[in-house]
1. Could you give each residue of segment 54-68 its phi-based ³J(HN,Hα) in whole Hz, using Karplus coefficients 6.51, -1.76, 1.60 with θ = phi - 60°, and x for Gly or Pro?
2. Tell me, what ³J(HN,Hα) does each residue in segment 131-139 have, in order and in whole Hz, if you take phi through Karplus 6.51 cos²θ - 1.76 cosθ + 1.60 with θ = phi - 60° and put x for Gly and Pro?
3. Which of rounded, prolate, oblate describes segment 41-201, given a ≥ b ≥ c as roots of the alpha-carbon gyration tensor eigenvalues and a/c under 1.5 marking rounded, otherwise prolate only if a/b is larger than b/c?
4. Anything over 31 Å Cα to Cα? Flag those among LYS51/LYS171; LYS104/LYS142; LYS51/LYS104; LYS104/LYS158; LYS51/LYS75, in the order listed.
5. So, in nm, how far is label TYR47 from label THR160 when the simple model puts each one 7 Å beyond its Cα toward the Cβ?
6. List the aspartates and glutamates whose Cα sits under 15 Å from the Cα of LYS43, skipping any in the same chain fewer than 8 residues away.
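No lab work stands behind these numbers, since they all come straight from the coordinates. Note that the structure is predicted; figures quoted are calculated from it, not measured. When we count neighbours, we look across all protein chains shown, and the Cβ atoms used for this are built from the backbone with ideal geometry, even at glycine.
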Amino acid sequence: MEKKKFITFYPCKGFTLIEVLASIVILSAAAAGIFLFFTNAMKYTSYNQGKTVAINVARGVLSYVERLDFSTLQKYVEDEINSTNALYVELDAAKCGLSLFENKQVCEALFRPTINNVTYDEQRIHVFIIPYNDPQRWNDLKQSPPAEFPASLQQKIKETAIENTDPKLQKYLLKVYVIVRWGDDPNQAEWLEGVIANETIR
């Protein structure tokens, strides 16, 4: 009589429930770390992109303002300051219709550009023009800088010292600050400073 062969099955040890749960927790922690890394990288990239756009916009506006006719600009600044008793004159896209600007469309293109679906309008772009080397005006400005000035610019103005108090310089030079806000936070702003010079001394 032929003997039958029986296959014996030995119990195989698998993963326990605790081991599976532990591996899920470890994988979740690693995935969360990777996700956080990429999220921070995207925020950092977006932050730098905003700063870069703001600086480029400010450069374009500053270059445009510096090329305006000095005599016309100086008269406008003097008239505005005398009539309002302000410390400075502010320019933005809403004033592109003034005779100060030769071409309204060019002015609006620079003062109200749309970049990356963001419109940099009067709330984001500010140009401040201040008579050059006027000690009294600068002292008053240091005491109460405009709210539109970012903290870094306010600190810069507080540290600014008048090197040459010759009043004749005011006939040939105007100080200009261009501020471009690229975010909702008040400190998310870039600024550039320059000097507008009379054509006779350029």
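1. Each residue's phi maps through the Karplus curve to give 4, 5, 5, 5, 4, 5, x, 5, 4, 4, 5, 5, 5, 8, 5 Hz.
2. Each residue's phi maps through the Karplus curve to give x, 6, 6, 9, x, 5, 5, 5, 4 Hz.
3. oblate
4. LYS51/LYS171; LYS104/LYS142; LYS104/LYS158; LYS51/LYS75
5. Distance between label points: 2.8 nm.
6. Of all the aspartates and glutamates, those that pass the test against LYS43 - Cα under 15 Å, at least 8 places apart if same chain - are ASP184, ASP185.
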